[in-house]
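Visitor: Would you mind keeping the following structure in view while I ask a few things?
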Amino acid sequence: KNQVEQSPQSLIILEGKNCTLQCNYTVSPFSNLRWYKQDTGRGPVSLTIMTFSENTKSNGRYTATLDADTKQSSLHITASQLSDSASYICVVSQPTGNQFYFGTGTSLTVIP
Amino acid sequence: GAVVSQHPSWVICKSGTSVKIECRSLDFQATTMFWYRQFPKQSLMLMATSNEGSKATYEQGVEKDKFLINHASLTLSTLTVTSAHPEDSSFYICSARDRAYTDTQYFGPGTRLTVL
């Protein structure tokens, strides 16, 4: 069964600290994996996209990793800011068809 | 980058009225658009998939007569909530799949619907 699981479900960290969010998937065949950030009351915004052959991709303070063998991805946030407080969603897509598999998201709260 | 817009961004209506939400892909052609619903602090829930020029495919449990979807062009899809009731109050988000990059979807900013 194609599934995407994220952990932790929620996370509270102090401003300035780093954190890592996890995404494990069983989706096959695999095309790409995207991390989205969703602020409250807004649509998801893409942070990174990774294909099968990519191991690491950065976008500012966000760094995503992908291990296609173990089907695991992580999103590392460096020097967190209050504006990083949001839900982070992992979405895996397949090469064909209309199937996009969503993780349940990680709710991140950054406190001063 | 690919941009998807939604209109309106928020709407308040009386119970029993119908509300139409538009989803547009601004700088690319979208053969497929997706409509999601999201309740507070919950994940996105796929409601239906619409393909340009054909009928939408609804997820199990979603009433197609209540949530009318039209995808008349490659850049526009509409969701009409008919005879809205307070329990239909939610955050509705659309996404569009690029015709050229079919394994990628771009999300709109969402529409907050409140039914009084």
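The values are calculated or read from the model by the stated rules, or taken from the named source; none is laboratory data. All values derive from a computational prediction rather than experimental measurement. All Cβ positions, glycine included, derive from the backbone under ideal geometry; neighbour counts span all protein chains shown.
Visitor: Here's a check for you: in the range B:80-113, which residue that is crowded, with 17+ Cβ neighbours inside 10 Å and more than 14 Å from every other protein chain (Cβ to nearest Cβ) is nearest to A:GLN38 (Cα to Cα)?
Guide: B:ASP88
Visitor: Considering only the range B:49-70, I want to know if a residue exists there that is closer than 22 Å to A:GLY105 by Cβ, assigned to a strand (DSSP E or B) and at pLDDT below 95. Step through it out loud before you land on a result.
Guide: Step one: of the range B:49-70, the residues closer than 22 Å to A:GLY105 by Cβ are B:49, B:59-62.
Narrowing further to those that are assigned to a strand (DSSP E or B): B:49.
Of the ones still in play, those that are also at pLDDT below 95 are B:49.
Yes, there is a match, as at least one residue in the range B:49-70 is closer than 22 Å to A:GLY105 by Cβ, assigned to a strand (DSSP E or B) and at pLDDT below 95.
Visitor: Still on this structure, please answer the following. One residue is enough: does the range B:55-76 have a residue meeting the conditions more than 12 Å from chain A (Cβ to nearest Cβ), among the acidic types (Asp, Glu), closer than 25 Å to B:ALA2 by Cβ and touching a residue at least 12 places away in the same chain (Cβ under 8 Å)?
Guide: Within the range B:55-76, none of the residues are more than 12 Å from chain A (Cβ to nearest Cβ), among the acidic types (Asp, Glu), closer than 25 Å to B:ALA2 by Cβ and touching a residue at least 12 places away in the same chain (Cβ under 8 Å).
Visitor: What residue, among those in the range A:24-69 that are touching a residue at least 24 places away in the same chain (Cβ under 8 Å), surrounded by fewer than 18 Cβ atoms within 10 Å (Cβ to Cβ) and of a type in the set (Val, Ile, Thr), is farthest from A:THR109 (Cα to Cα)?
Guide: Here the answer is A:THR26.
Visitor: Taking the range B:23-46, which residues are part of a loop (DSSP other than H, G, I, E, B) and not acidic (Asp, Glu)?
Guide: B:LEU26, B:PHE28, B:GLN29, B:PHE39, B:PRO40, B:LYS41, B:GLN42, B:SER43, B:LEU44
Visitor: Hey, does the range A:73-81 have a residue that's surrounded by fewer than 16 Cβ atoms within 10 Å (Cβ to Cβ) and touching a His at 6+ places or on another chain (Cβ under 6 Å)?
Guide: No, the conditions are met nowhere in the range A:73-81.
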